[in-house]
Amino acid sequence: MALRAHIKHRLLLDEGLPRKEAYFQANNYHNLRHIVHDVNRGGARDNEVYAIANSELRLMVVFNTKDFRPLISPESVSVISLSTNLADKHIKA
């Protein structure tokens, strides 16, 4: 049986998440950027952050899904929602 090819996802971490360096394992498998530390857009409104994710074709990784839900459409990138009950060390992005 043939193995499935690995897909390297393009992810944009919202400002509530730790820097991308905290996810050393995920950095080996995916292309991560952080909205504050890599894009220099700390404090940007959610619709601005989502527009950046769309322009770069990146999935958003966030804690506050309810704020992004109205922005999601079939023609745009999606959002990965993390539970606020997760400790940073348990998030594997």
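Under the condition of being of a type in the set (Ser, Thr, Tyr) and within 19 Å of HIS9 (Cβ to Cβ), which residue from segment 31-87 is surrounded by the most Cβ atoms within 10 Å (Cβ to Cβ)? Step by step, filter segment 31-87, then rank; the result is TYR50.
Screening the chain for helices (runs of 4 or more DSSP H) wholly inside it with 3 or more residues that are modelled with pLDDT of 95 or more returns the ranges 46-55. Are any residues in segment 27-50 over 11 Å from the mean Cα position of the chain (by Cα) and within 19 Å of THR84 (Cβ to Cβ), and if so, which ones? Those that are over 11 Å from the mean Cα position of the chain (by Cα) and within 19 Å of THR84 (Cβ to Cβ): VAL36, ASP46. For segment 11-20, the tally of residues that are within 12 Å of ILE52 (Cβ to Cβ) and touching an Asp or Glu at 6+ places or on another chain (Cβ under 8 Å) stands at 1.
The values are calculated or read from the model by the stated rules, or taken from the named source; none is laboratory data. Quick caveat: nothing in here was measured; it's all calculated off a predicted structure. Cβ atoms come from the backbone with ideal geometry, glycine included; neighbour counts cover every protein chain shown.
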